Amino acid sequence: MDTSLTAECIVIGAGPAGLNAAAQIAARGHSCIIVEANMSGGHLVMTTAITDYPGIEAVSGYKLSSILLKQAQSKNVTVMTGDKVVTLVQDHQSRYIITLESGTDLYAQCVVLATGLRSVKTGLTEESNFSGKGVSYCAECDGFFFKDKPVVVYGSGDGFAEAVDLLVSTCKPVYHISPSGGCSTKDSVSTFEGWRITALEGDGKLSALRLESQDRKQKRKIEAEGLFVYMGKEPTDELLKPFLEEASDTRMSSQPYSDLARTGLFITGHLAGTETLVETCANGVSTARQVSEYLNRKVKVSLE
Amino acid sequence: MLDTNLKHLETKEEADALVSETENVMICCGRMGPMCLPVYAAMEELEKEYPHVELTDMDFDIPAASLIRNLPECASFMNLPFTVYFKNGIVADVTSGIQSKGQVSKILDNEFSVRTY
């Protein structure tokens, strides 16, 4: 496929911030395309129960994502999922050009970056080889496969404490290794605070892992059939970085996001620092207002 | 029963009939957990693009799930969900654990010919 599409605004990332922003931009009368590398909803899809969303008693992230998607589509937002943004550049006419993995080029007067967060990987070369063969990212989903077997929880990111609680009831022994500290205080858990895993071993399935202390003076090998990775999340900011670097070279420094917005590049959601779902959705809506004002100003200037 | 918008397979008879009588079948066998939900969501988005494939889900904890759980191809799996692709009743491909929309569509394209849009 080798095509091009044009809209007044392109939203990159179809999580809760992106979907809300796109719906509200379209509701304000602007043409809008939302593009997403995976499926719509982002990390929200993985949330099993949301109990603090205003006006809703309880809902799964899966259901809420589906509602947000339908709301955006009902406002005539063009939704393109499963297609990754490869490059984002601004041409000499201040127009943004987005190239997708499929070969499609998108043109827009402004862009909203809502790429959110992604899970941090271990950085071990063997991680993908043992994925599904001992390496897991969800104790709730996969803990029962390791009943009475030795397992390791790695990291102190979101959900690690719940993972430890769950695993100590089914697996033994349970180790907690955390390079950044914050180890479990449970008596039944053997902890390695400040240690990191250096290698995974096993013949087809994970059977052991090697680790070393922060000062690299101590090394250990422990038998483990399961490794549950909870290394936390990091911003998906590859598309933003070049613009920020350029901004830091010029006048932009104290409020880089505001300055970027003046050039038609808006940042929203977790990438802009929101934490809760409600904050993230609200941020998407307020970004939509800024986008609309930006586009209306552009029209006014062109008419003058 | 899983709380998704996909077609659910609930009995062994229903699952056996679907696999034996339908050319292209994808069954995602899991729970309502964080690693399963994205796969169901991807399948929902892909349903319209692959009308020639039956995209279905199955609760991992019902008796009928033995059809998937006991497959030799899934014997070593240790991540939910177990996703199995059947071509004319034969296992064409299997995956375990979370999969992206791109990973799912790649297998659908490889095993069941390219999407129709």
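Could you pull out the residue among A:Leu117, A:Leu68, A:Leu106 that is within 14 Å of chain B (Cβ to nearest Cβ) and within 30 Å of A:Asp259 (Cβ to Cβ)? Please lay out each step first, then the result.
Values: A:Leu117 fails: within 14 Å of chain B (Cβ to nearest Cβ); A:Leu106 fails: within 14 Å of chain B (Cβ to nearest Cβ).
Exactly one residue qualifies, and that residue is A:Leu68.
Which one is farthest from A:Ile12 (Cα to Cα) among residues in the range A:42-56 that are among the hydrophobic types (A, V, I, L, M, F, W, C) and within 9 Å of chain B (Cβ to nearest Cβ)? Among those residues, the one meeting the criterion is A:Met46. Looking at the range A:27-134, the strands (runs of 3 or more DSSP E) lying wholly inside it that each contain 3 or more residues that are in contact (Cβ under 8 Å) with a residue 60 or more places away in the chain and closer than 21 Å to B:Leu37 by Cβ sit at A:117-119.
Being farther than 24 Å from A:Glu140 by Cβ and modelled with pLDDT of 95 or more is true for just one of B:Thr83, B:Thr11. Which residue is that?
Working: B:Thr83 fails: farther than 24 Å from A:Glu140 by Cβ.
B:Thr11 is the lone residue from the list that is farther than 24 Å from A:Glu140 by Cβ and modelled with pLDDT of 95 or more.
Checked against the criterion of being without any contact (Cβ under 8 Å) to a residue 12 or more places away in the chain and surrounded by fewer than 17 Cβ atoms within 10 Å (Cβ to Cβ), the candidates B:Asp109, B:Asp61 yield just one match: B:Asp109. Scanning the range B:52-68 for residues being over 12 Å from the mean Cα position of the chain (by Cα), not hydrophobic (A, V, I, L, M, F, W, C) and not in a loop (DSSP other than H, G, I, E, B) gives a total of 2.
Might you check whether a residue that is closer than 30 Å to A:Ser188 by Cα, in contact (Cβ under 8 Å) with a residue 40 or more places away in the chain and part of a helix (DSSP H, G or I) occurs anywhere in the range A:163-170? There is at least one residue in the range A:163-170 that is closer than 30 Å to A:Ser188 by Cα, in contact (Cβ under 8 Å) with a residue 40 or more places away in the chain and part of a helix (DSSP H, G or I). Among the numbered conditions (1) of a type outside the set (Ser, Thr, Tyr); (2) crowded, with 16+ Cβ neighbours inside 10 Å; (3) within 14 Å of chain B (Cβ to nearest Cβ); (4) in contact with a Ser or Thr (Cβ under 8 Å, 6 or more places away or on another chain), the only one that A:Cys32 does not meet is (3).
Checking each residue in the range A:261-304 for being farther than 24 Å from A:Ile50 by Cα, among the small types (Gly, Ala, Ser) and exposed (fewer than 15 other Cβ atoms within 10 Å of the Cβ) picks out only A:Ser302. Restricting the first member to the range A:289-300 and to residues that are in contact (Cβ under 8 Å) with a residue 40 or more places away in the chain, and the second to residues that are aromatic (Phe, Trp, Tyr), the beta-carbon pairs closer than 7 Å and six or more apart or on different chains are A:Val291/A:Phe266. Being in contact with an Asp or Glu (Cβ under 7 Å, 6 or more places away or on another chain) and in contact (Cβ under 8 Å) with a residue 12 or more places away in the chain is a description that applies to B:Asp93. Within the range A:196-250, the set of residues being assigned to a strand (DSSP E or B) and under 27 Å from the mean Cα position of the chain (by Cα) comprises A:Arg196, A:Ile197, A:Thr198, A:Ala199, A:Leu200, A:Gly226, A:Leu227, A:Phe228, A:Val229, A:Lys233, A:Glu234, A:Pro235.
Could you say whether any residue in the range A:37-46 is in the same structural domain as A:Leu113 (by TED's automatic domain parsing) and within 21 Å of A:Glu293 (Cβ to Cβ)?
Our first condition is that a residue be in the same structural domain as A:Leu113 (by TED's automatic domain parsing); within the range A:37-46, this holds for A:37-46.
Checking which are within 21 Å of A:Glu293 (Cβ to Cβ) leaves us with none.
No, every residue in the range A:37-46 fails to be in the same structural domain as A:Leu113 (by TED's automatic domain parsing) and within 21 Å of A:Glu293 (Cβ to Cβ).
Could you list all residues from the range B:17-33 that are touching a residue at least 40 places away in the same chain (Cβ under 8 Å) and either under 12 Å from the mean Cα position of the chain (by Cα) or under 26 Å from A:Asp142 (Cα atoms) (or both)? Those that are touching a residue at least 40 places away in the same chain (Cβ under 8 Å) and either under 12 Å from the mean Cα position of the chain (by Cα) or under 26 Å from A:Asp142 (Cα atoms) (or both): B:Val19, B:Asn24, B:Val25, B:Met26, B:Ile27, B:Cys28, B:Cys29, B:Gly30, B:Arg31, B:Gly33.
In summary, B:Gly97 fulfils each of the numbered conditions (1) buried (at least 16 other Cβ atoms within 10 Å of the Cβ); (2) away from chain A (no Cβ under 11 Å); (3) touching a strand residue (DSSP E or B) at 6+ places or on another chain (Cβ under 9 Å) with the single exception of condition (2). Does A:Glu246 satisfy being among the acidic types (Asp, Glu) and surrounded by 14 or more Cβ atoms within 10 Å (Cβ to Cβ)? Here the answer is yes, as A:Glu246 does meet what is asked.
Check whether at least one residue in the range A:35-48 is at pLDDT 95 or above, under 21 Å from A:Leu100 (Cβ atoms) and among the hydrophobic types (A, V, I, L, M, F, W, C), and report yes or no. Explain how you work it out, then say what you get.
The first filter runs over the range A:35-48 and keeps only residues at pLDDT 95 or above, leaving A:35-36.
Right, trim to under 21 Å from A:Leu100 (Cβ atoms) and you get A:35-36.
After this cut, where a residue has to be among the hydrophobic types (A, V, I, L, M, F, W, C) as well, the list is A:35.
Checked against the condition, which is being at pLDDT 95 or above, under 21 Å from A:Leu100 (Cβ atoms) and among the hydrophobic types (A, V, I, L, M, F, W, C), the range A:35-48 yields at least one hit.
The values are calculated or read from the model by the stated rules, or taken from the named source; none is laboratory data. Everything numeric here is computed off the predicted structure, so don't read it as measured data. Note: ideal-geometry Cβ built from the backbone for every residue, glycine included; neighbour counts use all protein chains shown.
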